[in-house]
Amino acid sequence: MDQKTISQDILLRMVKAFVKNEVAPYDMEIDHTRSYVNNLWSKVKENDFLSLMLPEEYGGAGFNGRTSAKVINEIAKGNASLAVTLEGHFKSVDQIVKYGNDELKNEYLPQAKNRIIAFSMTEPSGGSNPMGINSHAEKRGDKWIINGDKIMITNGGLAEIYCVLVKTAPDELSFFVVDNEMEGFEYGKQENFLGLTGVPVGEIVMNNIEVDESHLLGKVGMGKEIGDSAHDDARVLMGAVLTGIMEHELDLVTDYATHRKAIDTPIIQMQGIQRKIADIAISKETTKLLYQKAAWMKDHGQDYEEEAAMAKAYGSRSAVKAGDDSLQILGGYGYSLDYPIEHLIRDARAMEIAEGTVEKMRTAIALKEAESRA
Amino acid sequence: MEFLKENWIFAEVDLNKVNPITYQLITKMNQISELPVTVVLVEGSSESLEEDIKEYGPDKIITIKNDQLVQGNDLEMTNALDTLIEKTGRPNSFVFAATVVGRSLAPRLQARLRTGLTADCLDLHFEDDGTLVQTKPSYGDNIMCEIVVPNHRPQMATVRSNVFEAKKLNNPMTKVINITNLKVVQDKQLTISSKPLPQESAESITEANRIVAIGRGDKTEENLTNAKRLADKLHAVIGVTRPLTDLEEFDINDQIGQSGQSVSPDILINLGISGAVQYTAGISNAKTIVSANTDKDAPIFKHSDYYYVGNAEEFSKALEKALQ
Amino acid sequence: MKIVVGIKQVPETTNVKINEKTKNIDRRGISGVINQYDRHALEAAFEIKAKTNAEVIVMTMGPDDFVVSLQEALALGADSAVLLSDRAFAGADTLATGYVLSEAIKKIGDVDLVLLGQQSVDADTGQMGPIISEFLDISQVTYASKLDVEEGGLRIKRYLENIEQDITAKLPVLVTVTDQANDPKYVNIVEIAKSFEKEVTTWHASDLNLDADRVGQAGSPSVVRSISSPKEVVKDNYKLPDNPQDAADELVKILKDKNILVEDK
Ligand SMILES: Cc1cc2nc3c(=O)[nH]c(=O)nc-3n(C[C@H](O)[C@H](O)[C@H](O)COP(=O)(O)OP(=O)(O)OC[C@H]3O[C@@H](n4cnc5c(N)ncnc54)[C@H](O)[C@@H]3O)c2cc1C
Ligand SMILES: Cc1cc2nc3c(=O)[nH]c(=O)nc-3n(C[C@H](O)[C@H](O)[C@H](O)COP(=O)(O)OP(=O)(O)OC[C@H]3O[C@@H](n4cnc5c(N)ncnc54)[C@H](O)[C@@H]3O)c2cc1C
Ligand SMILES: Cc1cc2nc3c(=O)[nH]c(=O)nc-3n(C[C@H](O)[C@H](O)[C@H](O)COP(=O)(O)OP(=O)(O)OC[C@H]3O[C@@H](n4cnc5c(N)ncnc54)[C@H](O)[C@@H]3O)c2cc1C
C-alpha cells in the first residue's frame, strides 16, 4: 500500500469516528440552537480540519480534491451545516493557492490553519449578476482603497479573512483579500436563514480599507475567472454535502420502514414505500458519482465546470425531493420538529441557491454542451 | 500423557461467598457430563464453602485452603492449579466463570498447559468421545461460533453468568478432598489490596445497571414517592416516558426512548408504561425487563421477561417489601 | 522505559451478518479500524510517555493491510511500529497468536511494560494478555480502569464484579486496559503525513526465533467448527401471580436465583 492510500484510509477512519462521536449526536441541537454546540468548533480546529487541503508547504495536510470531498461527504452525513462551513473555507483557501502572489500566500496560507477564510461576491444589489455590484477599489499611490458592502457570506462573522469581489473600473471585476483586523473592516448583520442554520451567514462592511498591492488576488480584471473557479470548487463539495444529506435520509427511512408496521407487515414490504426508498438511493448514488467524477477531473487538471454544475444542480433538487419522500415515509413523525427529516429538507434547499442558483447551473451546463459541439 | 477422566469446574469465590455462576455450572455439567464432575475450590483457611457447593451435587470437590491464594493474584493461582493438575493428571475439561477473575486466570492457565480455551461461552455440550462443543458469541453477540479443541486436554472454557439455571441436587456421593500442602510462591511484583465495591447508583440512566421507569399509569405524587423508594432500595436510577417530562423534575436526560436516551441496564422495571414504539426503541438493550400494567394486553408485556397485570403502585410497594 | 502496545485491526462495525450463499461472515463494504480498547491502551502509553519520556513501540500481527493501523498509531504518537506478517501465521488461535507476539516482544528486548486492550471487539476473547504474560513469564494486571506511573512501577485500579482493587505493580508487567482508563484522542489531520518519517518494521516468521509447530493453524489447539447467526432472543413473557405480594416475592426469588439481584451485603 502506498503512502497516499494509507493516509487517506487513516483520515477517513478518523473523520468517521469524529462524526459519529462529536457531530451526529448534536445534529438536531445544532439546527435548533443555530450554533456549533458542545465545543464542536474548537474540536474541529484542534484536529486541524481547517488544514485538510492546505498544501504541506504552508503547514497543511495537502489532501487532494477527491479525498477532501469524501471528508465533506462524511461530515454532512452527521451534520450538513458543519460540512458547508468547511466547504466555504476550503474553496477560499484553494483560490488563494491558485491565484495568490507569493507574498499573499506566505502571509495568509499559514494562518488558514486557524482562521477561516470566506469568499464574498453577493451584494444587496445582486448575486447572480456580478456586474451589478457596487463595491469598488481605487488605486492611491501603491495602495488600494476598498469600499463596499457584502452580504450573505457563508461563515460571515465566523471567518476572519475575506476574499472580496469589487469593481476596479466600471466594467472591471477584481478580487482582494481583506481581514478583520484591518482598519475600516466591520461585521454587519447576520442572516436569519431557513436551513443550514449552524452556518453563520452574514454581512461585512468595508469603509476605506487600505491594502497593499499584494492583496490583489490574481490580476486586475480576473474577478470573473476567480469567481467561476471558486464556484466550481464549491459545487463539487456541495455535491458531497448533498450526498451526505441523502445518506442521512436513507439511514432514517430504511430504519423506520423496517421497524414500522402497518397491521403486521413492516412498511418496507410495501411497494409504494419501496419505490420511494429506491429512488432516494438512486439519487444519492448518482450525485456521489457526479461529485467524485468532478473531483477526479479537478485533481487531474481537467475542466470540470460542467460536472461540478451537474453535481450541485442534480444533487440539490434530488436531496430536497428525497427529503420530501422521507417525510412522507415517516408520516406524522416526519412532520415533527422532533425528527431530523424536516431540517434536512431545509438544509438541502439552500443549495439550490447558494454558490450559484440552479438556473445559473443549467445555463452553464447548456452552454458547455453547445460549446463542445461547436 | 496421563489424562484424568473427569470434568472440572473452577469455583469462583467473591467476598467469602460462592458466586452463583459456580452453581449454574455445576448443574449444567451434571446434566451434560458422562464423566464425574469435580469442583476446584480455593478458599481461606477458616472457610468451608464446600458445604454450600455440596448442595448442588457435584461428584467431587477439591478444596485448597490457602490464605495467600485468595488474594487473587493470577500468576500465583495459575501456579497452584498447574501444580494440582500435575498431581492429578489433566482433566477432560476445565470450565471457569466468564467473570473478570475467570477471564484473567483461565487464559494464563491455558498458556501454561498449552491447550485451547473458548471465552464467554453461552452453551456447552459433550459429544460421545468426550469432545466439548463450545458455543461462543463474537462480534458483540452478532455471530455465534462453535469451537472445539480436538487434540488437547483439558478443553477449557469460560462461561457467561445466568445462561444456565442452578438447581440444588442431593448427591450423597459427593467426595471432598482437601489439599493442604500446596506450595505457593508469592508474586512479589504485584501488591493487591481489595475492598468491596459500594453499591452506588449510577448518575445517569444511560450508564445505570438498574432502572425503575415510570409512565403515565404511575405518575401521581404518591406513585412517584413509592417508585423512588423502590429505586433507592434497588440502587436503581429513575427513568421516565415522554409524558412525564412535563413534570418539573424530569427532562430529556431522564427520558427513555427514541427522542430520549437508549439504556442498557441489567434490569429494567416498567411501572405504568404502555410500550409505545418510541419508548421500546430505547430499551432493546436492557437485559431483564419486568413490567407492571393494569391492561392485560399492554404492548410492553411483549417486551418483558416478567409481567404483572395490575396496579403498578401496589406492585412497587410489594416489591419493596420483598426486598427487605 | 520501553513500552510495547499490541493492537489489532478489526471491522469498523460489529454489526455483521452471515452471507446466506457463502456461509461466511459478510464483510462487504466494511473497512478496518484499530480495536477500540487498543486506542485506550495506546492513550495509556502516551500518557506515560508524556510523564517519563518512555519509548512507545506499537505492534500487530496480521496481514499486510494492518499497516494502516500501525501508521495511524504512529500518527497518534507512537515512536516506531512492528508488523508481524507471514503466511505461516494465518489461522492462528489465541495460543498461537500469543506465542508469536511474545517472541516478538522478546526480540525487541528490555521491554518494561506491555499494554493491550481488554479484548478485541471481533473475536471477543480477551485471552491475549494473560497468554502473553505467561509466555514472557511476567506478572499481569487485566482490565485496568486507571493507570498511573509512580516510582518503580505502576498504580492501577481494577474492578471485579463486586470488588475494587488497588494494585501496585513493579516493572516489567503486562496490563490490559478498559475503556474507563482514559479518553483517546483523534488523529490530528496534519500529523498523518508527518508520521511517515517514522519507521514500520516488518518481521516475518524467519526473523523470529519460532518453533514451527507452535505458529499458525498448526500451533492452534482451538478449531472453529462452524459459525451461525444468533437465534432471536425471545423474551420469556412470564406472567407473575395476580396477588401483588406473591408476584413480588416470586420475582425477587427468580432474580436472586439468576444472580441478577445480589443480596445486600
Ligand atoms: C446558504 C447560503 C450561503 C451563501 N453564501 C454565499 C457566500 O459565501 N458568498 C456569496 O457571495 N454569496 C453567498 N450566498 C448568496 C448566493 O450566492 C446568492 O443568493 C445567489 O447567487 C443568488 O443571488 P440573489 O440572491 O441575489 O438572487 P438573484 O440573483 O436576484 O436571483 C433571483 C432569481 O433569478 C434567477 N436569475 C437571476 N439571473 C438569472 C439569469 N441570468 N438566468 C436565469 N435566471 C436568473 C435566479 O436563479 C433566482 O431564481 C449564499 C446564499 C445562501 C442561501
Ligand atoms: C416524535 C415522537 C417521539 C417520541 N419519543 C418518545 C420517547 O423518546 N420516549 C417515550 O417514552 N415516548 C416518546 N414518544 C411518546 C410515545 O409515543 C408515547 O406517547 C409514550 O411513550 C407513552 O408514555 P406512557 O407509556 O407513559 O403513557 P401511556 O401510553 O398513556 O400509557 C400509560 C399506561 O399505564 C397503564 N396504567 C394506567 N393506570 C395504571 C395503574 N394504576 N397501574 C398500572 N398501569 C396503569 C395504562 O394501561 C397504559 O398502558 C414520542 C412520540 C413522538 C410523536
Ligand atoms: C469469530 C472468531 C472467534 C474466535 N474464537 C476463538 C476462541 O474461542 N479461542 C481462540 O483461542 N481463538 C479464537 N479466535 C482466534 C483469535 O481471535 C485470534 O487468535 C486473534 O488473533 C487473537 O485473539 P483476540 O482477537 O480474541 O484477542 P483478545 O485477547 O481479545 O485481544 C486482547 C488484546 O490483545 C491485543 N491483540 C489481539 N490480537 C492482536 C494481534 N493480532 N496483534 C497484536 N495485538 C493483538 C490487542 O491489544 C487486544 O485488545 C477467534 C477468531 C474469530 C475471528
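The values are calculated or read from the model by the stated rules, or taken from the named source; none is laboratory data. What you see is a predicted model; the values in this text were computed from it and never measured. So basically every Cβ, Gly included, is an ideal-geometry build from the backbone, and we count neighbours across all protein chains shown. Calculation scope for accessible area: heavy atoms of the full protein, side chains included, ligands and nucleic acids excluded. Shrake-Rupley method; radii C 1.70, N 1.55, O 1.52, S 1.80 Å.
Consider region A:135-158 and keep the residues that are within 9 Å of ligand 1 (Cβ to nearest atom) and buried (at least 19 other Cβ atoms within 10 Å of the Cβ). The one that is nearest to the other protein chains (Cβ to nearest Cβ) is A:Asn155. Give me the residue from region C:156-177 that is facing chain B (nearest Cβ under 10 Å) and under 17 Å from C:Glu43 (Cβ atoms) and, out of that set, farthest from the chain's Cα centre (by Cα). So the residue we want is C:Ile156.
Only one of the listed residues (B:Asp59, B:Asp67, B:Asp82) is surrounded by fewer than 23 Cβ atoms within 10 Å (Cβ to Cβ), more than 26 Å from C:Ser133 (Cα to Cα), in the same structural domain as B:Arg160 (by TED's automatic domain parsing) and not hydroxyl-bearing (Ser, Thr, Tyr). That residue is B:Asp59. Of the residues making up region A:19-43, those that are within 12 Å of chain C (Cβ to nearest Cβ) and without any contact (Cβ under 8 Å) to a residue 40 or more places away in the chain are A:Asn21, A:Glu22, A:Lys43. Counting only residues that are assigned to a helix (DSSP H, G or I) and either over 30 Å from A:Gly221 (Cβ atoms) or among the charged types (D, E, K, R) (or both), how many does region A:85-119 have? So the answer is 11. Note on region A:58-76: among residues that are surrounded by fewer than 24 Cβ atoms within 10 Å (Cβ to Cβ) and under 16 Å from A:Lys288 (Cα atoms), the one that is nearest to ligand 2 (Cβ to nearest atom) is A:Glu74.
Across region B:139-193, the number of residues qualifying as more than 16 Å from ligand 3 (Cβ to nearest atom) and open to solvent by 70 Å² or more (accessible area, probe 1.4 Å) comes to 16.
Just wondering, is there one or more residues in region A:293-300 that are of a type in the set (D, E, K, R), open to solvent by less than 20 Å² (accessible area, probe 1.4 Å) and over 25 Å from A:Glu29 (Cβ atoms)?
No, because not a single residue in region A:293-300 is of a type in the set (D, E, K, R), open to solvent by less than 20 Å² (accessible area, probe 1.4 Å) and over 25 Å from A:Glu29 (Cβ atoms).
With respect to the conditions (1) open to solvent by 20 Å² or more (accessible area, probe 1.4 Å); (2) of a type in the set (Gly, Ala, Ser); (3) more than 11 Å from chain B (Cβ to nearest Cβ), C:Gly152 lacks only one, and its number is (3).
When we screen B:Gly275, B:Gly239 for residues that are assigned to a loop (DSSP other than H, G, I, E, B) and in contact (Cβ under 8 Å) with a residue 12 or more places away in the chain, the only hit is B:Gly275. C:Asn209 - would you say it is modelled with pLDDT under 95 and open to solvent by 20 Å² or more (accessible area, probe 1.4 Å)? In short, yes.
Of the residues B:Ile269, B:Ile252, B:Ile300, which single one is near ligand 2 (Cβ under 9 Å from one of its atoms), out of contact with any helix residue (DSSP H, G or I) (no Cβ under 7 Å at 6 or more places or on another chain) and within 12 Å of another protein chain (Cβ to nearest Cβ)? Being near ligand 2 (Cβ under 9 Å from one of its atoms), out of contact with any helix residue (DSSP H, G or I) (no Cβ under 7 Å at 6 or more places or on another chain) and within 12 Å of another protein chain (Cβ to nearest Cβ) holds for just one of B:Ile269, B:Ile252, B:Ile300, which is B:Ile300. When you scan region C:232-246, do you find a residue that is open to solvent by less than 20 Å² (accessible area, probe 1.4 Å), touching a residue at least 12 places away in the same chain (Cβ under 8 Å) and on the phi < 0 side of the Ramachandran plot, even just one? Looking for residues that are open to solvent by less than 20 Å² (accessible area, probe 1.4 Å), touching a residue at least 12 places away in the same chain (Cβ under 8 Å) and on the phi < 0 side of the Ramachandran plot, one finds none in region C:232-246, hence no.
The condition (being open to solvent by 10 Å² or more (accessible area, probe 1.4 Å) and at the interface with chain C (Cβ under 9 Å from one of its Cβ atoms)) is satisfied by just one residue among B:Arg108, B:Arg114, B:Arg90: B:Arg114. Pairing each residue of region C:76-98 that is outside the structural domain of C:Asp38 (by TED's automatic domain parsing) with any residue that is open to solvent by 30 Å² or more (accessible area, probe 1.4 Å), provided the two are 6+ apart or on different chains, yields no C-beta distance under 7 Å.
Of all residues in region A:331-374, those satisfying the criterion of being closer than 22 Å to A:His259 by Cβ and outside any helix (DSSP H, G or I) are A:Tyr335, A:Ser336, A:Leu337, A:Asp338, A:Tyr339, A:Pro340.
The residue that is surrounded by the most Cβ atoms within 10 Å (Cβ to Cβ), counting only those in region C:247-265 that are more than 8 Å from chain B (Cβ to nearest Cβ) and outside any helix (DSSP H, G or I), is C:Val262. Just one of the numbered conditions (1) more than 12 Å from C:Leu240 (Cα to Cα); (2) within 7 Å of chain C (Cβ to nearest Cβ); (3) buried (at least 22 other Cβ atoms within 10 Å of the Cβ) is not true of B:Leu323: (3). Candidates are the residues of region C:49-63 that are free of Cβ contacts under 8 Å to residues at least 60 places away in the same chain and outside any strand (DSSP E or B); the one that is most open to solvent (accessible area, probe 1.4 Å) is C:Asn53. Number of residues in region B:287-300 that are open to solvent by 10 Å² or more (accessible area, probe 1.4 Å), under 30 Å from A:Ser336 (Cβ atoms) and either among the hydrophobic types (A, V, I, L, M, F, W, C) or free of Cβ contacts under 8 Å to residues at least 24 places away in the same chain (or both): the value is 2. For region A:1-11, residues that are more than 8 Å from every other protein chain (Cβ to nearest Cβ) and either surrounded by fewer than 17 Cβ atoms within 10 Å (Cβ to Cβ) or among the acidic types (Asp, Glu) (or both) total 3.
Checked against the criteria, C:Ala181 counts as assigned by TED's automatic domain parsing to the domain that holds C:Ala90 and touching a strand residue (DSSP E or B) at 6+ places or on another chain (Cβ under 8 Å).
I'd like to check something: does region C:115-134 contain any residue that is more than 9 Å from ligand 3 (Cβ to nearest atom), more than 19 Å from the chain's Cα centre (by Cα) and either at negative phi or more than 8 Å from every other protein chain (Cβ to nearest Cβ) (or both)?
no
Here is a yes/no grid of residues against (1) within 26 Å of A:Lys293 (Cβ to Cβ); (2) without any contact (Cβ under 8 Å) to a residue 24 or more places away in the chain; (3) open to solvent by less than 70 Å² (accessible area, probe 1.4 Å); (4) not in a helix (DSSP H, G or I):
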residue: A:Gly239; (1), (2), (3), (4): yes, no, yes, no
residue: A:Thr243; (1), (2), (3), (4): yes, no, yes, no
residue: A:His248; (1), (2), (3), (4): yes, no, yes, no
residue: A:Tyr256; (1), (2), (3), (4): no, no, yes, no
residue: A:Ile268; (1), (2), (3), (4): no, yes, yes, no
residue: A:Gly272; (1), (2), (3), (4): no, yes, yes, no
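Restricting attention to region B:117-130, the residues that are more than 7 Å from chain C (Cβ to nearest Cβ) and open to solvent by 10 Å² or more (accessible area, probe 1.4 Å) add up to 8. Of the residues C:Val111, C:Val141, C:Val175, C:Val187, the single one that is closer than 22 Å to B:Ala111 by Cα and in a loop (DSSP other than H, G, I, E, B) is C:Val111. Would you confirm, using the coordinates I've provided, whether C:Leu42 is at the interface with another protein chain (Cβ under 10 Å from one of its Cβ atoms), hydrophobic (A, V, I, L, M, F, W, C), under 20 Å from C:Met1 (Cα atoms) and outside any loop (DSSP other than H, G, I, E, B)? So C:Leu42 fails the test.
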